[in-house]
1. Could you order B:Val77, A:Val63, B:Val111 by accessible surface area, starting with the largest, using a probe radius of 1.4 Å?
2. Please provide three numbers in whole Å: the alpha-carbon extents of region A:21-62 along the principal axes, with the largest listed first.
3. Leaving out ligands, DNA and RNA, and with a 1.4 Å probe, what % of the accessible surface on region B:1-156 is carbon or sulfur?
4. Can you tell me the dipole magnitude for the protein assembly as shown around its Cα centre, using point charges on the Cβ only (Lys, Arg +1; Asp, Glu -1), in Debye to the nearest 20?
5. Could you work out, residue by residue across A:80-87, how many beta carbons of other chains sit within 10 Å of that residue's beta carbon, and then give the average as an integer?
6. Take the eigenvalues of the Cα gyration tensor for region B:10-113, scale each by 5, and report the square roots as semi-axes in whole Å, largest first.
7. Using the Cα atoms of region A:65-167, I'd like the radius of gyration and the largest Cα-Cα distance, Dmax, both in angstrom.
8. If you keep only loop residues by DSSP, which trypsin sites (Lys or Arg not before Pro) in region A:1-87 have at most 15 other Cβ atoms within 10 Å of their Cβ?
Amino acid sequence: MSLEEFVVEIDDVYKEYTLGKVIIHALQGVSFKIKREEYVSIMGPSGSGKSTIFNAIGGLDTVTSGEIYIDQVDIAELDAYELAWLRNRKIGYIFQTFNLLLAFSAQENIEIPMVFAGVPREDRKKKSKEILKMVGLEDRAKNKPGQLSGGQQQRVAIARALANDPAIILADEPTANLDLATGLEIIGLLKRLNEEQGTTIVSATHDLKMISISDRIIWIRDGKVDRIEDRADIQVDAMT
Amino acid sequence: MSLDLPEPKFSISEVFYLSYSNIKRRFFRSVITALGIILGIAFMAALLTNSLILDWLQTGSGVEAYQYWLVGISLIVAFGGITNSMLMAVNERVKEIGVYKCIGGLDSHIVRLFIVEALLLGILGGFLGGIIGIGMGIGINLNRASLQELSVLLESNITSLILLLLACIVLAIVLTSLATFIPARRASKLSPAEALRYEN
Ligand SMILES: Nc1ncnc2c1ncn2[C@@H]1O[C@H](COP(=O)(O)OP(=O)(O)OP(=O)(O)O)[C@@H](O)[C@H]1O
Ligand SMILES: [Mg+2]
């Protein structure tokens, strides 16, 4: 098995938050590896540390100790410029609350990561149209986020995450603000990206609908990995 | 690390377009911020114009000490009003800064976006505030001299008035940019996760 197979590696990661005199041990020695083109769900009770893992893997927050590798690169060693590059090109983020830029249309929201990447205007327009079509929103290109439904905003967010062809899509509760049917649509879209484009997907979630389409599930409890299940095991679990 | 990265490009026209969109989208908020700038600058310009006119009219002992006091106070008011408006405007948008960071914006990109917005508001606010203030400064002297006298006086001193207007614009630009640069830079140094969960 070649090293390159792992696109995300997190090794013995600890994260402490200090609130005044109280120290909260949000992560206590978390380790796992994620293979290229895998679809992995991170599940666990509220407060178990899923979002903290999301922030750590995504280079969105520092950790107290431990190592995180994205494509074999130790992200602790990256400077500010390299980190921005990583967030811009390697990883696409999806959030529970969409986090779109409200001043800009759907198409412009997709173009801004490309602006930061230095993609010429013509190419940006073309690419953003293609991606919008892929997520089924070609007719809403000019609409601002405020004029779109929650499900449509999440599609724009997914489209934005895809702007610079990332190796990994990281999601934190992408379906938590959506109703059942819309949530299923979003999960279906993520699965399609995973299968058709080979994008690695890592999603923190409470949503049991994610279980059946995940290759693996990492269960987190009290800041530790409780167990890791393959899809095969999950089906056995479901029957017992 | 040697990721061998290309130089980032973030052209002036992109920056202006993004900043302009932000002002437009937050139009009502931008108007309030601009009003803060206009008020501060107008108050100062009115008092300065009044002092100038009194000086030109050579009334009695010329400019009195209290005039200097008033101008000093008006400067403080302008300073306080403008910095407060701009600080609040940035503080409301820390989450947005977090979003820019998540999609690959460099700290310098983000600061540039905010500075250009501040510049646009500063130019507009300084210009309008200056015009309004100078007009008011002239208005309050209509009882001291006839309109005819005043217009002769103003015409012969037109360069001073233009300089005053320019000074208003420069002051507004300096204050808005500084009062934006400092908090925007601080916010852009937060990690994206911290910026995203920032509550104001
Ligand atoms: N900024 C913070 N400051 C202090 N404590 C924090 C902070 N963020 C998270 N925590 C704590 O760290 C622990 C893990 O939180 P985290 O948000 O990762 O949980 P989660 O699994 O994502 O929960 P949920 O399912 O509710 O989103 C919790 O005890 C939480 O209170
Ligand atoms: Mg969470």
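The values are calculated or read from the model by the stated rules, or taken from the named source; none is laboratory data. If you're wondering where the values come from, they're calculated on a predicted model, not measured in any experiment. Cβ placement follows ideal geometry from the backbone for every residue including glycine, while neighbour counts extend to all protein chains displayed. Areas reflect the complete protein model, heavy atoms only, side chains present, ligands, DNA and RNA absent. Shrake-Rupley method; radii C 1.70, N 1.55, O 1.52, S 1.80 Å.
1. Details: B:Val77 70, A:Val63 45, B:Val111 15 Å².
Descending accessible area places them as B:Val77, A:Val63, B:Val111.
2. Projected onto its principal axes, the Cα set of region A:21-62 covers 42, 23, 16 Å.
3. Details: 5380 of 7820 Å².
The computed percentage sits at 69.
4. Numbers: 43 positive and 50 negative charges, 253 e Å.
Around 1220 debye, computed over the protein assembly as shown.
5. On the way: counts 6, 6, 4, 5, 13, 6, 3, 6.
Averaged over the peptide's residues, the number is 6.
6. Values: eigenvalues 331, 35, 27 Å².
Those come to 41, 13, 12 Å.
7. 14.6, 47
8. Values: sites: A:Lys15, A:Lys21, A:Lys33, A:Lys35, A:Arg36, A:Lys50, A:Arg87; in loops: A:Lys21, A:Arg36.
Taking region A:1-87 and a limit of 15 other Cβ atoms within 10 Å, the loop trypsin sites (Lys or Arg not before Pro) found are A:Lys21, A:Arg36.
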